[in-house]
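Here is the structure we will look at, set down as structure tokens.
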Amino acid sequence: MASTTPRSSGSDPAPRPKRRTFSAEYKLRIVAEYDAAPTGEKGAILRRERLYHSHVIEWRQARDAGALDALTDQRTSPVRPKKAAEQAELERLRKKVARLEEDLARRDAALEVMGKANALLGLLSESAD
């Protein structure tokens, strides 16, 4: 007989996927291989390596600019500074306050328009009497 207890919300059946990282040497090797390949075989290289054409374009531009540092993915690089938890929370709260202030300003403007419309309707009904 199967258990009828629901799974706890903390047990995720699928682990979170890990972002792939590529070394600068790998990027240079793939760009060189891609550029040397005949037209009909370029897609095969991308499929084999599970890459997109945009990867090759970005890596080639970095190589041509002579920026080997640009070949390091700044989003996932271990040298990327991590924000402190407090700073991340502070940034999140600042964005929330800004969003709430915008909402409040919109509501205030709507109430002002409704008040003016109500006053105008009151004047019109008095003059009709």
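For the stretch 35-54, filtering for residues that are within 19 Å of Thr21 (Cβ to Cβ) and not hydrophobic (A, V, I, L, M, F, W, C) leaves 5. Return the residue satisfying two criteria in turn: it lies in the stretch 30-42 and is exposed (fewer than 14 other Cβ atoms within 10 Å of the Cβ) and not aliphatic (A, V, I, L, M), and of such residues it is nearest to the chain's Cα centre (by Cα). Here the answer is Asp35.
Bear in mind these aren't lab numbers, they're just calculated from the coordinates by the rules spelled out. Here the structure is a predicted model, which means the values were calculated and not measured. Cβ: placed from backbone, ideal geometry, glycine included. Neighbour counts: every protein chain shown.
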